[in-house]
Structures are given as structure tokens and as C-alpha cells.
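Before any comments, here is the structure.
The values are calculated or read from the model by the stated rules, or taken from the named source; none is laboratory data. Predicted model, so just to flag it, every value in this text is computed and none were measured. For neighbour counting, all protein chains shown are included, and Cβ atoms are generated from backbone atoms with ideal geometry for every residue, glycine included.
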Amino acid sequence: MANKFGVLPFNSPLEPTMDYAKIAPLIGVQSPRHLPHDRVTEVDVDRWCQVMRDTNPLYTDEEYAKKSPWGGLLAPSGMVHVFALGTMKAAIDQFVHGKCEFPDDPNVKLNLVVEQEGYTGVMATAQRQQHFRRLRVGDEIHWTLGIARLSDYDHLTRQGVGRKYQMLYQFYNQNDELLCNQSFDVLVYRAPMSTRRLYAG
Amino acid sequence: MTMDISAVNGLVGQESARIPTRHPANIPDIRHWCEVIREDNRSYQLFERDTVKAPPALLMVWAMPALWSAEPKGATEPHERAIRMLEDAGYGVGLTIALEQKFLRPLKIGERLSYQVRIAGVSQGEVVTAAGPGYELELHYTFRNQDGEVVSEQTCRRAQVARLAVKKRH
């Protein structure tokens with residue numbers, strides 16, 4: 001029984017929470033390779049450099065880039081995730097109609113489970129990229145996604161009670177060379193209102 | 001509030017130098033356009049294989065100035081100087097109020113474009129626009145490809161107003 005401040009005794013039974021066994025089979029599994037929505041193009045690189053105010057001539061000056069050790073135009077490494085983002089149609093399908101582009105991917109299956117368990121709030125918290133090879137204009141960046149880990153206990157966060165999970169993206173070029181490992185940390189939490197309803201307006 | 005329009009009148013009829021667009025007519029922009037207006041969701045590989053012509057409306061997109069430049073250019077062309085004169089006289093807000101576009105032929109992928117702007121006219125006194133009092137400029141754009149062939153002609157009426165007047169709802 002809670003005291004007058006609403007605090008339960010220390011030896012009270014544990015409150016029911018998410019069963020980790022439901023998502024354990026998804027941990028460490030990478031999705032199949034997916035195609036990008038665009039090739040790495042000079043035009044998109046130029047627009048990125050405009051927005052980021054990046055004046056590196058390796059990205060925008062073809063004559064300079066041809067004389068460099070790389071022999072041609074490069075793309076800023078930070079752009080690698082851009083080519084894994086879905087199209088507008090995919091975003092509308094997902095956030096308005098609830099239809100995911102890759103329903104068998106481990107992150108999609110994980111989100112179904114955590115939503116059913118009541119963790120309907122979603123917040124991206126951190127992103128780290130580890131680069132192994134430069135991106136070149138003309139590359140086609142294939143990508144794969146998996147869940148590296150998920151908390152097996154609840155955290156008390158500013159958003160409320162939640163769990164943290166880490167996704168691992170891997171980006172390859174058309175020659176199957178690994179370009180980048182990217183970790184993407186997400187907090188899912190018990191929200192007062194469904195996140196999807198917020199997106200739908 | 002009015003201004004001495006004689007300095008702007010002196011620029012009427014003058015045409016700018018050829019201003020090159022930043023990118024040629026290209027397939028990635030066409031694919032982005034078709035995706036955003038929800039007209040075509042095919043993959044980039046199919047666009048690369050099948051696209052030979054550009055949607056005409058993309059001409060204005062390719063003619064837009066750079067978002068940012070490491071070496072910002074001052075107002076040197078006649079139309080830029082006219083707009084700057086109006087801004088300095090207190091009419092600091094520019095609005096396109098009418099645009100007439102004539103596309104003479106479809107653009108081919110890879111065409112490098114440029115355009116020139118001629119000041120066709122300016123109102124001789126303050127006019128009352130829906131956005132507030134100001135002066136109207138009429139600008140005539142001529143778009144050419146790398147061979148000098150005219151691909152489009154456009155007439156733009158632009159109002160320079162002192163501030164945006166917002167109608168009260170009730």
C-alpha cells in the first residue's frame with residue numbers, strides 16, 4: 001500500500017513491465033541490404049555544402065578534385081545517412097497510414113512490440129558515425145540496419161519511464177566496400193499521448 | 001511616403017549580363033521534384049534510364065541564386081540596383097505579384113542555362129497594393145541554353161512595399 005506521499009514500500013511486488021524475451025530474438029540481426037533513393041550526385045553535394053557553408057573544393061570544384069589523390073569529386077562523409085532516408089511517399093505511408101517500407105526489418109518489428117507494451121513515445125538521442133572510406137560522387141550507397149542492444153530494465157527519464165535501444169546502420173558502396181558504421185540511439189517511453197497521433201495532427 | 005523615381009527610371013530598358021544557373025538541367029532534381037509533388041515515385045535508376053526532358057517549371061528552380069556564397073556579390077546588375085534603390089528609400093519588402101511564363105521548348109538533360117533580366121518599367125508613383133503602398137517593377141527574363149538559343153521568356157511584376165500590411169480578420 002502506498003503511503004500518504006504515494007510511495008510504495010521497498011519490498012512491494014515489482015510492477016509489470018516489458019518482457020525482454022519478446023524482443024531478444026531481434027537483437028544482433030541485420031536487415032537485408034536496401035537500395036538508396038538516389039545516387040550520390042554533384043547537385044545534392046553542392047546543396048549540402050550550401051546549407052552547411054562548406055567550401056572544401058574536393059566537394060564542388062571538379063578540376064581541383066581530379067588533380068587530388070582521390071581523382072574526382074567526393075561527397076562529405078556526414079551525408080552518408082541522407083541516402084538511406086526514405087522518400088516522401090514512404091514517410092507519408094509510415095507516419096500517416098502506418099505502412100512501413102520494409103516491414104520485416106528488425107527495427108520495425110521492435111517498434112511494434114514496444115508500442116504494444118505501452119512505450120509509444122519515441123525520441124532520437126544520439127548518432128555516431130565511424131567512417132572507413134570516402135564517399136564519391138556517383139556512388140550508390142546500399143544500407144542495412146539492425147538492433148545492437150535494448151535496455152532490459154526501465155529508465156526514469158525526463159520524458160518518463162522508458163527504454164533505450166541502439167540501432168546499427170552499415171553503409172556500403174556499389175563495390176561492397178564498407179563506408180560507415182553508424183549507431184543511432186533511441187529512447188522509447190511511456191508517453192501521455194501516442195506519438196503517431198501527434199504526427200497525424 | 002514617396003521617393004524620387006528618376007534614378008530608377010534611368011535604369012529602365014537596361015539589361016543584365018548573362019547570369020549562369022548553378023546547375024545544368026539534371027535528373028536528380030527532376031526526381032526530387034516528381035517525388036515532392038507526388039507525381040512519380042519511380043526509383044532513381046528508372047529516372048536515369050528514361051528521362052530525357054525536364055518539367056518546364058523547374059527552370060525557375062535552376063535559376064534561383066545560391067543559398068549562400070563565401071564571397072557575397074553586391075548589387076551590380078541594373079535590376080539589382082533598381083531594387084536596392086527602392087529598398088534604400090524604405091520599400092524594403094519585395095513580393096512577386098504576377099509571373100507570366102512562356103516555355104518555347106522542353107529543356108533537355110544536360111543543358112546549361114543562363115538568363116538575362118531587363119527592366120521593362122517602374123510605376124511613376126506609389127501604388128496601393130494588397131500588401132500595402134509601394135512601387136511596382138516590371139522585369140523581363142530571357143532564358144538561354146549554352147548555345148545562346150532562347151528556351152523561355154518570362155515577365156515578372158514585383159512590388160517593393162514598405163512593410164507587409166496584414167488585413168485584420170474582424
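Looking only at the stretch B:42-56, filter to residues that are without any contact (Cβ under 8 Å) to a residue 12 or more places away in the chain and exposed (fewer than 14 other Cβ atoms within 10 Å of the Cβ); which one of those is farthest from the other protein chains (Cβ to nearest Cβ)? Give the derivation first.
So in the stretch B:42-56, the residues without any contact (Cβ under 8 Å) to a residue 12 or more places away in the chain come out as B:42-43, B:45-46, B:49-50.
Next, from what is left, pick out any that are exposed (fewer than 14 other Cβ atoms within 10 Å of the Cβ): B:42, B:45-46, B:49-50.
Details: B:42: 10, B:45: 8, B:46: 12, B:49: 12, B:50: 15 Å.
Result: B:50.
Among the residues of the stretch B:35-66, write down those that are in contact with a helix residue (DSSP H, G or I) (Cβ under 8 Å, 6 or more places away or on another chain) and part of a helix (DSSP H, G or I).
B:35, B:36, B:44, B:47, B:48, B:58, B:61, B:62
Which one is farthest from the other protein chains (Cβ to nearest Cβ) among residues in the stretch A:35-60 that are assigned to a loop (DSSP other than H, G, I, E, B) and within 18 Å of residue B:65 (Cα to Cα)? Break it down stepwise before answering.
Here is the first cut: in the stretch A:35-60, the ones assigned to a loop (DSSP other than H, G, I, E, B) are A:35-41, A:53-56.
Next cut, within 18 Å of residue B:65 (Cα to Cα) only: A:53-55.
Values: A:53: 6, A:54: 10, A:55: 5 Å.
Step by step, filter the stretch A:35-60, then rank; the result is A:54.
Filter the stretch A:20-34 for residues that are touching a residue at least 40 places away in the same chain (Cβ under 8 Å) and either within 14 Å of chain B (Cβ to nearest Cβ) or surrounded by 11 or more Cβ atoms within 10 Å (Cβ to Cβ) (or both) and give the result. Walk me through it before giving the result.
Restricting attention to the stretch A:20-34, the residues satisfying the condition of being touching a residue at least 40 places away in the same chain (Cβ under 8 Å) are A:20, A:22-23, A:26-34.
Correct list: A:20, A:22, A:23, A:26, A:27, A:28, A:29, A:30, A:31, A:33, A:34.
Let's see how each residue does on (1) exposed (fewer than 14 other Cβ atoms within 10 Å of the Cβ); (2) of a type outside the set (Val, Ile, Thr); (3) in contact (Cβ under 8 Å) with a residue 60 or more places away in the chain; (4) closer than 20 Å to residue A:165 by Cβ:
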{"site": "A:44", "(1), (2), (3), (4)": "no, yes, no, no"}
{"site": "A:48", "(1), (2), (3), (4)": "no, yes, no, no"}
{"site": "A:58", "(1), (2), (3), (4)": "no, yes, no, no"}
{"site": "A:69", "(1), (2), (3), (4)": "yes, yes, no, no"}
{"site": "A:75", "(1), (2), (3), (4)": "no, yes, yes, no"}
{"site": "A:79", "(1), (2), (3), (4)": "no, yes, no, no"}
{"site": "A:98", "(1), (2), (3), (4)": "yes, yes, yes, no"}
{"site": "A:116", "(1), (2), (3), (4)": "yes, yes, no, yes"}
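Being assigned to a strand (DSSP E or B) and not small (Gly, Ala, Ser) is true for just one of A:149, A:133. Which residue is that? Before the answer, list the steps.
Numbers: A:133 fails: assigned to a strand (DSSP E or B).
After applying the criteria, what remains is A:149.
Can you say whether residue A:7 is under 30 Å from residue A:114 (Cα atoms) and exposed (fewer than 11 other Cβ atoms within 10 Å of the Cβ), as far as the supplied structure shows?
yes
Considering only residues that are at pLDDT below 90 and either loosely packed, with under 14 Cβ neighbours inside 10 Å or more than 14 Å from chain A (Cβ to nearest Cβ) (or both), which ones fall in the stretch B:2-39?
B:2, B:3, B:4, B:5, B:36, B:37, B:38, B:39 - these are the residues of the stretch B:2-39 that are at pLDDT below 90 and either loosely packed, with under 14 Cβ neighbours inside 10 Å or more than 14 Å from chain A (Cβ to nearest Cβ) (or both).
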